[in-house]
Amino acid sequence: MNCVITAWGKHEAELRGFLTRQSGNPALAEDILQETFLRAVAEGARFCSLENPRAWLFRVARNQFIDHTRRAETKHTVSALPDDIIEEQEEIPAVQRLDVCLPKALARLNDEDRQVIECCDLNGELQSTFADDNGLSLAGAKSRIQRARKRLKAELVNLCKVNFDETGNVCCFTSKDKGCC
């Protein structure tokens, strides 16, 4: 601790002048000077083993000044934003909003179509597993799921008036049944 006091006594005035010139603000220079001294005290015995305590003090003071400047710039940038900015909300794609229509459309399918859609598309079961479980060939299971998807699409189009864009993706929909969508 004695070495900290000794080094501080030798270099305090020089550090104060450096920080005042850098900041242009004597009060800020004093605050950073105090933070630098506290860092040196916190180093304790390690500070005493430094080859060049002056260089260490200047490096810490410079870094403290840079950190303070960055914090002030960030604070200024954030506070400079106008209060009337409306936070952008991510728009949920229309196809994801169709989930409210899905239960009603599924209920309109026959049991075989509903089963394959629920197993493979909604529950993530592999088509090969579905084929094995239902005594079908893999090609048969794939055909069944494709037919079921077409029927489900037709029900969604009919029930929720689904519209598609030029690439075939769902762009929007409106419900015929207010309780559906």
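List of remarks:
- Positions within segment 113-132 being of a type in the set (D, E, K, R), part of a helix (DSSP H, G or I) and farther than 18 Å from residue 150 by Cα, in sequence order: 132
- Taking segment 24-44 as the range and being touching a residue at least 40 places away in the same chain (Cβ under 8 Å) and surrounded by fewer than 17 Cβ atoms within 10 Å (Cβ to Cβ) as the test, the residues that pass are 41, 44.
- Residue within segment 97-107 that is crowded, with 17+ Cβ neighbours inside 10 Å and at pLDDT 90 or above present: no
- For segment 72-94, the set of residues classified as surrounded by 10 or more Cβ atoms within 10 Å (Cβ to Cβ) and either at pLDDT 85 or above or not charged (D, E, K, R) (or both) consists of 72, 74, 93, 94, listed by residue number.
- Among residues of segment 46-71, those that are surrounded by fewer than 16 Cβ atoms within 10 Å (Cβ to Cβ) and among the small types (Gly, Ala, Ser), counted: 2
- Any hit, segment 110-132, residues being without any contact (Cβ under 8 Å) to a residue 24 or more places away in the chain and of a type in the set (Lys, Arg): no
- Output for segment 40-69, where each listed residue is farther than 17 Å from residue 2 by Cβ, of a type in the set (D, E, K, R) and in a helix (DSSP H, G or I): 59, 62, 67
The values are calculated or read from the model by the stated rules, or taken from the named source; none is laboratory data. The shown structure was predicted, so the numbers you read here are calculated from the model rather than taken from an experiment. Here the Cβ is made from the backbone with ideal geometry for all residues, glycine too, and neighbour counts use every protein chain on show.
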